[in-house]
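Accompanying notes for the structure given below.
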Amino acid sequence: MRIVALGGGGYIGSYLVHRLADQGHTIWVLDTNMDKIWEHDKDVPTTVDLDVRDLRAMSEAELTEYCRGADVVIDLIAHATPALYVKSPIEVVELNYNENMRVVRVCAALDIRLIQFSSCEVYGLALDEEPFKEDKSPMVLGPVHETRWIYASAKQLLERMVDAYGIHRNLDYTVIRPFNFVGPFMDYLRGAEHDPVPRVFPQFIASLVHGFPMTLVNGGHSHRTFTYIDDAIDACMLVIENRNNLFGHRAVNVGTPGNGILIRDLANRMRMVYASLTGRPQVDIIEGDGVGFYGDGYVDCNRRVPDVARLEEAGWAPQYDLNATIRKTLSYYAQT
Ligand code: UGA
């Protein structure tokens, strides 16, 4: 297939691009930065075309020409870091909704299948103990002054518009909702405590690598489900291949339900494993409150577990439990 990967130079995209190339697909990657693609492998196959450009600098006509002839467009363009939701909410909506809507329109006009990356964040507050089901779980967000939810609002509206284009403009689509993918080549590591905060796993790794304390936000009582990146990419490949049209016109959770953990337990396990891998002393763990750590408007989502029946129906079975996920990821960072 000919595949356009918008934002394909990021953490998830760089894995997908290499896997798609290995499987013989032709990929056109548009991103502002391709470093992660080269970090995986300096020899990028000739079937991968890297175009270093900002989607925002392209007109809709240019974007249309760029995508013309593709069988599938994968849209990975997003700001997906909670620190940004409260610091730059307008920018978060402009990129995550306005820019992505241009991609939706282009795919509908050209009759190209769209794979739209969304987020487990769309589920918002977990109101009960059930795992989140794509077509059943309510999506409940807090009030407007809880600025954190602006990202989930943008992603929810994007998903709803993608679905509306599916119904009214015949757009063929799948929405992917990732649940905390982790592994080598993650979002940047902070070099110092005053740098902007990435998501929790790279943030804790930065603490381990640079030796500053891990902060447990609001006691670290929130729960997340961590998915090893190779399992996540296996799932994304099933979605892209879309055998028997299992994933047509729907959203799909991608996450490993058995890999759930409280953040405070995650911090402890990560520092123990890192100490055993490197022989270095364990870093300290301190506590901080969410608003002090991230800024006004930060609230948290207490619990996130995916229902993955849809993926299992397609034959997906994750290979990495939480121990393997933590150990494999930290082994990479212990060596670099
Ligand atoms: C983020 C994004 O908002 C989602 O869109 C994305 O799908 C998800 O990451 C993901 O990785 O898939 P979230 O899991 O809330 O969602 O983001 P993190 O920044 O990784 O925070 C997880 C938990 O760790 C939160 O409870 C946070 O308060 C806590 N945390 C974070 C700490 O206790 N200490 C830290 O230093 C950083």
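The values are calculated or read from the model by the stated rules, or taken from the named source; none is laboratory data. Keep in mind it's a predicted model, so treat the numbers as computed, not measured. When we count neighbours, we look across all protein chains shown, and the Cβ atoms used for this are built from the backbone with ideal geometry, even at glycine. Protein only, heavy atoms only, side chains kept; ligands, DNA and RNA dropped before computing areas. Shrake-Rupley method; radii C 1.70, N 1.55, O 1.52, S 1.80 Å.
Taking a cut-off of 32 Å, what percent of all Cα-Cα pairs in the chain are separated by more than that? Working shown, then result.
Values: 14952 of 56280 pairs.
Of all Cα-Cα distances in the chain, 27 percent exceed 32 Å.
3J(HN,Hα) along the stretch 93-99, derived from phi through the Karplus expression 6.51 cos²θ - 1.76 cosθ + 1.60 where θ = phi - 60°, amounts to 6, 4, 6, 6, 10, 4, 5 Hz, with x in place of Gly and Pro. In the chain, the longest principal axis of the Cα atoms and the axis of helix 229-241 are about 10 degrees apart. Of the residues 250, 102, the one with the largest accessible area comes first in the ranking 250, 102, computed with a 1.4 Å probe on protein heavy atoms.
Taking a ≥ b ≥ c as the square roots of the eigenvalues of the Cα gyration tensor of the stretch 1-119, is the shape rounded (a/c under 1.5), prolate (a/b larger than b/c) or oblate? Working shown, then result.
Numbers: a/c = 1.92, a/b = 1.21, b/c = 1.59.
It comes out oblate by the Cα gyration axes.
Which of these, 181, 293, 201, has the largest mean-square fluctuation under a Gaussian network model of the chain (Cα springs below 10 Å)? In this elastic network of the chain, the residue with the biggest mean-square fluctuation among 181, 293, 201 is 293. So which lysines can residue 328 reach, going by Cα to Cα under 26 Å and dropping same-chain residues fewer than 8 places off? Correct list for residue 328: 36, 42. Model label points for residue 332 and residue 265, set 7 angstrom from Cα along the Cα-to-Cβ axis, are 2.4 nm apart.
Run the accessible area of the stretch 123-219 with a 1.4 Å probe and give the carbon-and-sulfur part as a rounded percent.
Numbers: 2300 of 4160 Å².
The value for the stretch 123-219 is 55 percent carbon and sulfur by accessible area.
Note on residue 40: accessible area approximately 50 square angstrom, rounded to 10, probe 1.4 Å, nucleic acids and ligands left out. Computed from Cα positions, the angle between helix 200-210 and the longest principal axis of the chain comes to roughly 50 degrees. The magnitude of the dipole of the stretch 180-324, with charges of +1 and -1 set on the Cβ of Lys/Arg and Asp/Glu and taken from the Cα centre, is near 100 debye.
Just reorder 284, 231, 54 by solvent-accessible area, largest first, 1.4 Å probe, all chains present. Before the final figure, lay out the partial values.
Working: 284 105, 231 0, 54 55 Å².
Largest accessible area first, the residues go 284, 54, 231.
Each of 107, 76, 30 was scored by the projection of its Cα onto the charge dipole of the chain, and the greatest displacement toward the positive side belongs to 76; charges sit on the C-beta of Lys, Arg, Asp and Glu.
When each pair of different Cα atoms in the stretch 118-251 is counted once in the 1/r mean, what is the Kirkwood radius in angstroms, to one decimal?
Values: mean 1/r = 0.0578 Å⁻¹.
Value: 17.3 Å, from the Cα pair sum.
Out of every Cα-Cα pair in the stretch 278-336, what percent are more than 15 Å apart? Here the tail beyond 15 Å accounts for 76 percent of pairs. Computed with every protein chain present, the accessible area of residue 130 is close to 110 Å² [probe 1.4 Å]. For the stretch 202-252, the calculated P(r), taken from all Cα-Cα distances in 10 Å bins from zero up to the bin holding the longest distance, is 19, 28, 24, 20, 8 percent. Each principal axis of the Cα atoms in the stretch 207-308 has its own extent, and those three values, largest first, are 51, 37, 21 angstrom.
Compared with the dominant Cα axis of the chain, that is its longest principal axis, helix 11-22 is turned about 50°. The magnitude of the dipole of the stretch 95-251, with charges of +1 and -1 set on the Cβ of Lys/Arg and Asp/Glu and taken from the Cα centre, is near 360 debye.
Of all aspartates and glutamates in the structure, those lying under 13 Å Cα to Cα from residue 87, and not within fewer than 8 positions of it along the same chain, are 146, 296.
Calculate the dipole size of the chain relative to its Cα centre from +1 charges on Lys and Arg beta carbons and -1 charges on Asp and Glu beta carbons; express the result in debye to the nearest 20. Could the numbers behind the result be given before it?
Details: 32 positive and 45 negative charges, 66 e Å.
Dipole of the chain, to the nearest 20 debye: 320 debye.
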